[in-house]
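The values are calculated or read from the model by the stated rules, or taken from the named source; none is laboratory data. Being a predicted model, the structure only gives us computed values, none of them experimental. Cβ atoms come from the backbone with ideal geometry, glycine included; neighbour counts cover every protein chain shown. Only protein heavy atoms, including side chains, enter the accessible area calculation; ligands, DNA and RNA are left aside. Shrake-Rupley method; radii C 1.70, N 1.55, O 1.52, S 1.80 Å.
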Amino acid sequence: MPTTREAPPVLAPRRPTRKIRVGDVEVGGDAPVSVQSMTTTKTHDINATLQQIAELTASGCDIVRVACPTDKDAEALPIIAQKSQIPVIADIHFQPKYVFAAIEAGCGGVRVNPGNIRKFDDKVGEIAKAASDAGVSLRIGVNAGSLDKRLLEKHGKATAEALVESAVWEASLFEEHDFHDFKISVKHHDPVVMVQAYEMLSERGDWPLHLGVTEAGPAFQGTIKSATAFGALLSKGIGDTIRVSLSAPPAEEVKVGTQILESLNLRPRKLEIVSCPSCGRAQVDVYELADSVTAGLEGMTVPLRVAVMGCVVNGPGEAREADLGVASGNGKGQIFVKGEVIKTVPEDQIVETLIAEANRIAEEMGIDDGDAAPSTGTSPVVTVS
């Protein structure tokens with residue numbers, strides 16, 4: 001059985017926020033930071049949408065959002081909300097009637113965009129009553145690309161101040177109706193403006209905050225922008241749920257978001273492969289070795305740190321620090337388990353040996369490959385160097 005470990009350090013305590021529920025997932029307060037994504041299917045294609053939700057669920061997504069721009073999409077919401085294994089949020093723009101349809105459909109939450117819903121302020125009371133009666137939470141989703149025209153005229157463009165002013169105003173309207181089950185987002189495509197907006201907003205109230213860089217771009221660019229912005233905010237304790245927006249399959253958004261949280265010790269780490277960038281000292285193909293180990297351990301969820309190292313300078317030390325590791329050189333590899341060399345194997349046996357040892361360690365921990373790892377605070381890591 002795994003030994004008890006100290007809780008991993010974090011850069012800052014979480015900012016105190018109000019706790020709400022999205023279906024059966026808590027957001028804010030002392031709840032873990034959750035990961036969200038959004039389907040790319042046409043929502044009215046129920047089978048395709050449910051299939052993608054299942055893929056997102058398997059990737060570790062906590063909450064999923066679906067678009068609802070048409071009557072056909074609204075009609076599909078009851079079945080999708082019922083059959084999804086994770087809470088469903090309906091994403092509403094332009095037509096306020098779809099807000100009420102989503103609430104009636106049993107969605108766990110509804111995202112409303114005040115900047116482009118017709119006469120939204122006039123509908124706040126009705127929306128608040130319907131959501132309260134149904135026990136449905138909302139997200140006030142302010143976006144730089146669809147900011148209220150009045151605020152654009154006042155500020156000249158979608159500045160951080162304009163985003164925050166919009167969010168605080170809409171929040172006050174709901175609070176006037178004694179409705180508090182909402183979170184807020186103030187998204188911008190520029191990470192600097194986005195960070196400024198969330199920092200300002202966090203000082204204005206205790207609302208739970210949904211972090212996002214909107215239109216972040218293709219996978220590489222979007223990952224960098226999101227990691228930069230989220231890291232800046234989460235390291236200060238700001239943020240209660242996140243959505244990485246990528247021009248990529250939504251499961252990739254979940255993987256990136258999960259890794260960001262694990263890197264900041266805001267989510268228990270599972271399998272971690274640590275590998276060196278390679279250099280002139282390397283006596284093996286570290287890239288191929290690391291890729292092969294990663295592929296061989298895909299799907300393993302135990303908290304295991306695996307180190308794959310390619311030279312005799314830093315390799316032994318890094319491998320010794322990991323739960324499982326290899327220091328390679330001269331056509332062979334020293335296999336380390338918990339800091340001790342257990343065997344030396346030929347280079348062509350390194351990958352299969354590491355995979356076998358990882359499975360053995362998992363069994364000793366009482367966890368099968370497909371099972372979730374217990375939360376032990378920190379997690380074992382596999383390092384490749």
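Those residues that are touching a residue at least 24 places away in the same chain (Cβ under 8 Å) and charged (D, E, K, R), I need them from region 60-95; list them, please.
Selection gives D62, R65, K72, D73, E75, K83, D91.
Go through region 339-353 and report how many residues are within 36 Å of the chain's Cα centre (by Cα) and within 17 Å of G317 (Cα to Cα).
Going through region 339-353 one residue at a time, the tally reaches 2.
Counting only residues that are buried (at least 17 other Cβ atoms within 10 Å of the Cβ) and closer than 19 Å to P346 by Cβ, which one in region 281-305 is modelled with the lowest pLDDT?
Here the answer is A282.
Given the conditions (1) closer than 20 Å to K123 by Cα; (2) touching a Gly at 6+ places or on another chain (Cβ under 8 Å); (3) of a type outside the set (V, I, T); (4) surrounded by fewer than 19 Cβ atoms within 10 Å (Cβ to Cβ), and given that P8 satisfies all but one, which numbered condition is not satisfied?
The single condition P8 does not satisfy is (1).
Going through region 182-231 one residue at a time, which ones are of a type in the set (V, I, T) and touching a helix residue (DSSP H, G or I) at 6+ places or on another chain (Cβ under 7 Å)?
I184, V186, V193, V195, V213, T214, T223, T228
Among the residues that make up region 86-100, is at least one of them of a type in the set (G, A, S) and open to solvent by 20 Å² or more (accessible area, probe 1.4 Å)?
Taking every residue of region 86-100 in turn, none turns out to be of a type in the set (G, A, S) and open to solvent by 20 Å² or more (accessible area, probe 1.4 Å).
Against the conditions (1) in contact with a Lys or Arg (Cβ under 7 Å, 6 or more places away or on another chain); (2) over 24 Å from L246 (Cα atoms), where does L50 fall short? Just the number, please.
(2)
Out of all the residues in region 169-189, which are assigned to a helix (DSSP H, G or I) and open to solvent by 30 Å² or more (accessible area, probe 1.4 Å)?
Answer for region 169-189, where residues must be assigned to a helix (DSSP H, G or I) and open to solvent by 30 Å² or more (accessible area, probe 1.4 Å): W169, S172, E175, E176.
Residues in region 190-213: is at least one of a type in the set (V, I, T), outside any helix (DSSP H, G or I) and more than 14 Å from the chain's Cα centre (by Cα)?
No, because not a single residue in region 190-213 is of a type in the set (V, I, T), outside any helix (DSSP H, G or I) and more than 14 Å from the chain's Cα centre (by Cα).
Can you pull out the residues in region 132-150 that are surrounded by 14 or more Cβ atoms within 10 Å (Cβ to Cβ), under 17 Å from H93 (Cβ atoms) and of a type outside the set (S, T, Y)?
The answer is L138, R139, I140, G141, V142, N143, A144, L147, D148.
Would you say T57 is touching a Phe, Trp or Tyr at 6+ places or on another chain (Cβ under 7 Å) and either open to solvent by 20 Å² or more (accessible area, probe 1.4 Å) or in contact (Cβ under 8 Å) with a residue 40 or more places away in the chain (or both)?
No; evaluated as a whole, the condition is false for this residue.
For region 224-234, check the following and say yes or no: at least one residue is aliphatic (A, V, I, L, M), out of contact with any Leu (no Cβ under 9 Å at 6 or more places or on another chain) and without any contact (Cβ under 8 Å) to a residue 24 or more places away in the chain.
Within region 224-234 (the criterion being aliphatic (A, V, I, L, M), out of contact with any Leu (no Cβ under 9 Å at 6 or more places or on another chain) and without any contact (Cβ under 8 Å) to a residue 24 or more places away in the chain), the answer is yes, since at least one residue qualifies.
For region 353-375, check the following and say yes or no: at least one residue is modelled with pLDDT of 80 or more, open to solvent by 40 Å² or more (accessible area, probe 1.4 Å) and polar (S, T, N, Q).
yes
Search region 316-339 for residues that are without any contact (Cβ under 8 Å) to a residue 12 or more places away in the chain and pair each with any residue that is in a strand (DSSP E or B) and surrounded by 24 or more Cβ atoms within 10 Å (Cβ to Cβ) when their beta-carbon atoms are under 9 Å apart and the residues are at least 6 apart or on different chains.
If the second residue must be in a strand (DSSP E or B) and surrounded by 24 or more Cβ atoms within 10 Å (Cβ to Cβ), the pairs left are G317/M309; G317/A327.
Does E126 count as of a type in the set (D, E, K, R) and farther than 30 Å from L151 by Cα?
For E126, the condition - of a type in the set (D, E, K, R) and farther than 30 Å from L151 by Cα - is not met.
Can you tell me which residues in region 56-71 are assigned to a loop (DSSP other than H, G, I, E, B) and within 17 Å of the chain's Cα centre (by Cα)?
Listed by number, the residues that qualify are G60, C61, D62.
For region 213-222, state whether one or more residues are open to solvent by less than 20 Å² (accessible area, probe 1.4 Å), at pLDDT 95 or above and closer than 26 Å to I89 by Cβ.
For region 213-222, residues open to solvent by less than 20 Å² (accessible area, probe 1.4 Å), at pLDDT 95 or above and closer than 26 Å to I89 by Cβ: present.
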